[in-house]
Structures are given as C-alpha cells and as structure tokens.
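The values are calculated or read from the model by the stated rules, or taken from the named source; none is laboratory data. Nothing here was measured: the structure is a model prediction, and the numbers come from that model. We place every Cβ from the backbone using ideal geometry, glycine too, and count neighbours over all the protein chains shown.
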Amino acid sequence: MHSKLSVFNTFYSLQMEKDILEKAAEIIKKGPGVDLKLLTNKEKTELGVALKNKYPLPVLCLKLGISKSSYYYQVYVLNAPDKYGFLKQRISELFYANKSCYGYRRIHFLLIQEGITVSEKVIRRIMAESKLIVTHCRMRKYSSYKGEITPAVPNLLKRDFHADICPTRSG
C-alpha cells in the first residue's frame, strides 16, 4: 500500500512538473528547458494562475518556489489597473499624429503644453514598451566641404592632345 502511494505521488509530481514546463514555454515564451529557479515572481504567478484549476495552490507554490503571500501580491499587481494607461494612449496618438518623427523629447514638450506633467524617462520607457521608434534617418551633419566649386579652366589654345598613331609601335 505504501509503495503504491509513493508511486502515485511521484507520478503526480512529475505530471505537475511537466505541466508547469509546458505552460512556461507557452505563456512566458521561453524555451522548453526553462529553469524554474530563474523565473521572476511575476512569471511564477502567471504559471500559478494558469494551473490553479488543475492543482492545489499550496502544492503549486511549493513546486514553483514562491511563497503564498508573494503569489497573492503578484495576482493583485497583475489585476491592478494600468497606471499609465491614458498616457500610453496619448503618447501613441501624438507620435502617429506627427508622422512618427517625434522622439521622447518632443513628445515630452507636447505633453507639457497640454498640461500633463510626467518625466522624460517615463515617456522614453512607454515609447520603448510600445515600440514607438522614429523611422527615418537623421539629417546629415553640416560640412563646409562642397567638393570642386571652381569651374574647369577653359581651353583657350584649343590644343588637341589626342594622337592618331602611337609613335612607339611600329606598324
């Protein structure tokens, strides 16, 4: 009886580990050989939320290596409304309204003109997360060198330096 129980626990544990690794590959987009110790608490919580209907939460937390309090904190953070939701939308509107030419400094200036006070670093981070990248090249740096600016000297003597027969060759 005892050996059947240990075989069942071993099978249950292996099945849970297999399910965790499959979900990790699916949700977190990491390779199939992901190391559970290297996952962040947020990623572990996402796995826990995905598998909590199949396995009990205390067993999942133990297998994932996350405390229950950390799990519930991360669930709260995941369900919390986005702090910069409106700002993300406004930044993308300004970016596309200006033909994808404005970087974070100009966007910051436009937001200040609208009365929205926010750090340039926040705007830069939001633009990076939203993949708002200025697409065209920068203008070429000024150079005073213009190449040949004097016209060619006119041929006043009308000399023709073209030879019809080459004197060194005997024909």
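Only one of (1) over 29 Å from V49 (Cβ atoms); (2) in contact with an Asp or Glu (Cβ under 8 Å, 6 or more places away or on another chain) is not met by K88, so which one is it?
Here K88 clears every test but (1).
S3 versus (1) modelled with pLDDT under 75; (2) of a type in the set (S, T, Y); (3) within 34 Å of the chain's Cα centre (by Cα): which is the lone unmet condition?
Answer for S3: the failing condition is (3).
Which one of these is closer than 30 Å to L21 by Cβ, in a loop (DSSP other than H, G, I, E, B), free of Cβ contacts under 8 Å to residues at least 60 places away in the same chain and hydroxyl-bearing (S, T, Y): Y142, Y55?
Y55 is the lone residue from the list that is closer than 30 Å to L21 by Cβ, in a loop (DSSP other than H, G, I, E, B), free of Cβ contacts under 8 Å to residues at least 60 places away in the same chain and hydroxyl-bearing (S, T, Y).
If I filter the stretch 28-51 for residues that are of a type in the set (K, R), part of a helix (DSSP H, G or I) and at pLDDT below 80, do I get at least one hit?
For the stretch 28-51, residues of a type in the set (K, R), part of a helix (DSSP H, G or I) and at pLDDT below 80: present.
Give the number of residues within the stretch 52-88 that are of a type outside the set (A, V, I, L, M, F, W, C), closer than 30 Å to I133 by Cα and loosely packed, with under 11 Cβ neighbours inside 10 Å.
Residues that pass the stated criteria total 5.
Report, by residue number, each residue of the stretch 77-130 that is over 28 Å from T45 (Cβ atoms), under 18 Å from the mean Cα position of the chain (by Cα) and assigned to a loop (DSSP other than H, G, I, E, B).
The answer is S100, G103.
Report every pair of residues separated by at least 6 positions or lying on different chains whose Cβ atoms are under 6 Å apart, first residue within the stretch 8-22 and without any contact (Cβ under 8 Å) to a residue 24 or more places away in the chain, second surrounded by 12 or more Cβ atoms within 10 Å (Cβ to Cβ).
Listed pairs, sorted by first residue: none to list.
So in the stretch 115-128, with the set limited to residues that are surrounded by 10 or more Cβ atoms within 10 Å (Cβ to Cβ) and out of contact with any helix residue (DSSP H, G or I) (no Cβ under 8 Å at 6 or more places or on another chain), which one is nearest to N98 (Cα to Cα)?
Within the stretch 115-128, the match that is nearest to N98 (Cα to Cα) is A128.
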